[in-house]
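First the structure, in the form of C-alpha cells, and then the observations on it.
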Amino acid sequence: MSNPAIETRGLTVYYGKHRGIIDVDLTVEEGEVFGFLGPNGAGKTTTQRVLLDVFPPTRGHASIFGKDCQVQGVELRKRIGYLPGELALYTNMKVREFFQMVEYLRGENGTKGHWRELADRLELDTTRKIRQLSRGNKQKVGVVTAFMNRADLLILDEPTGGLDPLIQRIVLDMVREAKADGRTVFFSSHILSEVQAVCDRVGIIRDGRLVAVHGVEELFARRMNRINLIFDLLPPPEAFQMEGVTELDRGSQSILLEVRDNLPALLAKAARYDVRDIDTHNVSLEDIFLAYYSEENGGGHA
Amino acid sequence: MLRLLVQELTFRRGAILWWGLGLCFFPLVYIAIYPSVAEEMANLADLEIYQAMGVSMGTFPDFVGSILLVFLPLVAAIYAIINGTGTLAGEEEDGRLEMLVTLPLPRWTILAAKALAFSIASFLMLAIVGVVSLLVLNGMEGDIETELTGTQLLISVLYTWPMVFAMGMLSLFLAAFCSRRRIASIIAAAVLVVGYFGSNLAGSTSVLEPFEPFFLFTYIDSSGEAVLNGQRIEDVLVFLAIGLVSFVLGVIFFQRRKLTVGAWPWQRGRIE
C-alpha cells in the first residue's frame, strides 16, 4: 500500500503568543492536485513551511511519502519542488545563473537543463539580471525553479500571482501535466477559479484550523445549489423553511434559495404553490468558500 | 557542501575584490607618506598618550604596526560583522535563506559553507592588502631605510586574519542566536568597539586592567617587533578558539532556528 504524499496529524504552530495553525489533520494522496484555500493569515504558508522543515511544529507530526518532515527533511526535499509565496531571489545574478545554481545545489537527478524548456515555455529571458525583471517575470523564475527538477511533490504557494492571464494558463497547464505524470501538487491559493480549474480536492483553512476537505466535484454537487423560483402569487415566508434550504432573497414574484439538501421535497413544495418558472444558478467555488467564512455560517460546514 | 561553498565564494567575488582594494588604502597611503613624516612620527613617540597606549612610531616597523595592525583589522572586522550577520540573518530577513533551506541541503552544511566562504574571502582580502603592501614597500626601497622586508610586511598583514575570522564567526553565531539582524550587528559592533577602546584604555587606567583579557585588541600586538616577527602564537590561538567556539554555537542555534520567524531561542516553539 502506498503512503499518502502528505500526512499531518495534530499539526500545530504557535509564533510565541500568536496562532499559526492549530491541530491540522490533512491527507493528500499521491498523484492528486490538492488545493489549499484560505485568506491571508489563515495558515497556508505556515503549513507549507512545516512540511519543508523551514521550522518545526510546536506539536503534532507531518510526513511526506511516509517520511518525517523534520527527521528526514533533506532526503524528502530532493523529491519536492517549492514555490514560496514570498519569493526572494539573488537579484545580482542572471536568471540563467540562478537556475544553474539551483540545479547545481540540488545535484544531478536526470533533469539537467530542463529549466531551459520551462523558461522558453513561459517566455522568460534567462540572459537578464534578476533585479531587472518585473514582478511577473520574477514569479516565472520561481515557477521554473519549482518545476525544473520534475519533483514528485510540488508545493506551490500562489503560483500565478503577478502573472498575465496567458502565462497563468500555461502554469495551470503545467500543473495538469504534473498530475498526468502521476506527481502530486499541493496548491495553495486564494484565486478560487484556478483552484476550481485544476484541483481534485480542496481543503479550506480558517483561522489556523482546517475546517473542510472535499473533492471539488463533490463540493459543487453536494454543497450548494442556488434556485430562483418565480411565482404569480408569492408563497408565505415560512413556505420553504426546511432542512438544508436557506432563503437568501425575496422579490415581488421570486424567491432565491440556497439548497444543500432536500431538493425533491423543495420542488414538490414549489409545485404546490404553483411555481411558474425555475432558474438554477451555477455556484462558484468562491460562493462556497465565502459561505465557510461568513459569520452567519460560522464556518461550521466541516 | 563543496557545491554550496563554491556558490558562496562566487557570491563574494565582488566583496573580495572591492574590500581588498579598499583596504589597500592603508598601505598605499601610509607607506607612501612615511618618508615625508618619518621625523615627525619619531617625535610623536614622546607624547604621553602614545606612551600610555604603548604606541611607538619611532621606526618604520613601529609606524607600520601602529597603523596597519590597528586600523586594518578594525576595518576588516567591520566587513566581518556586515558579512557574518548579513549572510545569515540578512538573508533570512529578505527571504533568500528560505529558498536555500528548502533545497536538499542539511542546515549545518549551509552554515559551514558560509563560514568557510567567509574565512576564505577574508583571507583573500587580506592577501590582496598584503601583496599590495609588499609591492609598495619594494617600490619605495630607496626612500625608506628599514630592516623590514616586503615578505615580513605581507606576513604581518596576514596575521590580522585570525582576529577577522573570530569577529566573522562571532557575527555568524549572533545572527543565528538573535531574533533580528540589527540586534546581532549592534552586539557584534559593540564587542568590536569596546574591544578596541577597552584595550587602548586598559594601558592608561588601572581600573580597566582586570578586564583587559576580555578586550579583543588585547590579542593584537601592533608593535614594530610584531611586524618584524609576527604575532604571538598564543594570541593567534585565542582568536582561533573564539572563532571555532562561535562557529559551533552558531551551528547549534541555526539547527534549532525557526527560519522566517526570527524569534529568540527561548521563544522558539513556546505555546502560550
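Exposure proxy shown here: for B:16, B:110, the number of other Cβ atoms within 10 Å sets the order, fewest to most, as B:16, B:110. Given R0 = 41 Å, the distance between the Cβ atoms of residue B:186 and residue A:238 translates into a calculated FRET efficiency of 0.05. Placing one equal scatterer on every Cα of chain B and applying the Debye formula, the log10 ratio I(q)/I(0) at q = 0.09, 0.13, 0.15 Å⁻¹ is -0.45, -0.86, -1.07. With contacts taken as Cα pairs under 8 Å at a separation of at least 6 residues, chain A carries a relative contact order of 19 percent. In the stretch B:118-233, inverting the average of 1/r over every pair of distinct C-alpha atoms gives 16.1 Å as the Kirkwood radius. Residue ranges B:227-239, B:247-259 sort as B:247-259, B:227-239 when ordered by packing (mean number of other C-beta atoms within 10 Å per residue, highest first). Other residues whose C-beta falls under 13 angstrom from the C-beta of residue A:95 contribute a net charge of +3, scoring Lys and Arg +1 and Asp and Glu -1.
For the residues of A:10-22, the average number of beta carbons from a partner chain within 10 Å of their own beta carbon is 3. The base-10 log of I(q)/I(0) for the stretch A:6-214, evaluated at q = 0.12 Å⁻¹, reads -0.59 [Debye formula, identical scatterers on Cα atoms, solvent excluded]. Peptide A:98-105 shows a mean partner chain C-beta count of 3 within 10 Å per residue C-beta.
Dimensions of the stretch A:225-282 based on its C-alpha atoms, expressed as ranges along the principal axes with the largest first, amount to 25, 22, 16 Å. Considering only beta bridges that DSSP places wholly inside chain A, some 70 percent are antiparallel. Remark: the stretch A:72-142 is approximated by an ellipsoid whose semi-axes, taken from the C-alpha gyration tensor as √(5λ), come to 21, 14, 11 Å, largest first.
Across all Cα atoms of the stretch A:121-166, the radius of gyration (one decimal) and Dmax (whole number) stand at 11.0, 32 Å. Applying 1/(1 + (r/R0)^6) with R0 = 45 Å to the Cβ-Cβ distance of residue A:207 and residue B:212 gives a FRET efficiency near 0.20. The packing ranking of peptides B:182-195, A:238-251, highest mean first, is B:182-195, A:238-251, where packing means the average number of other beta carbon atoms within 10 angstrom of each residue.
Net charge of the neighbourhood of residue B:218, taken over other residues with C-beta under 9 Å away and scored Lys/Arg +1, Asp/Glu -1, is -2. Taking the C-alpha atoms only, the angle from helix B:13-23 to the longest principal axis of chain B is near 30 degrees. Report, to one decimal in Å, the Kirkwood hydrodynamic radius for the protein assembly as shown based on all distinct Cα pairs. Taking the inverse mean of 1/r over all distinct Cα pairs, the protein assembly as shown comes out at 28.0 Å. Cβ-Cβ distance of residue A:261 and residue A:135, R₀ of 41 Å, FRET efficiency by 1/(1 + (r/R0)^6): the value works out to about 0.35. Taking 7 Å steps out from each Cα toward its Cβ at residue B:245 and residue B:225 produces label points 2.7 nm apart.
Within the protein assembly as shown, what percent of beta bridges assigned by DSSP are antiparallel, to the nearest 5? Roughly 70 percent of the DSSP beta bridges within the protein assembly as shown come out antiparallel. When each of the peptides B:169-176, A:78-85 is scored by how many other beta carbons lie within 10 Å of its residues on average, the order from highest to lowest is B:169-176, A:78-85. Over the stretch A:108-262, all Cα pairs binned in 10 Å intervals from 0 give whole-percent P(r) values of 9, 28, 23, 17, 12, 8, 2, 0, listed from short to long. Regarding the stretch B:7-164, what is the average projected area of its C-alpha convex hull, in nm²? Mean projected area for the stretch B:7-164: 10.7 nm², to one decimal. The label-point distance for residue A:9 and residue A:120, in a model that sets each label 7 Å from Cα toward Cβ, rounds to 4.7 nm.
Using alpha carbon centroids, what distance separates the stretch A:159-205 and the stretch B:231-254, in Å? Taking the Cα centre of the stretch B:231-254 as reference, the centre of the stretch A:159-205 is 49 Å away.
Here, each number is a calculation from the coordinates, and none is a lab measurement. In this text, all values refer to a predicted model and were calculated from it rather than measured experimentally. Glycine gets a Cβ as well: all are built from the backbone with ideal geometry, and neighbour counts include every protein chain shown.
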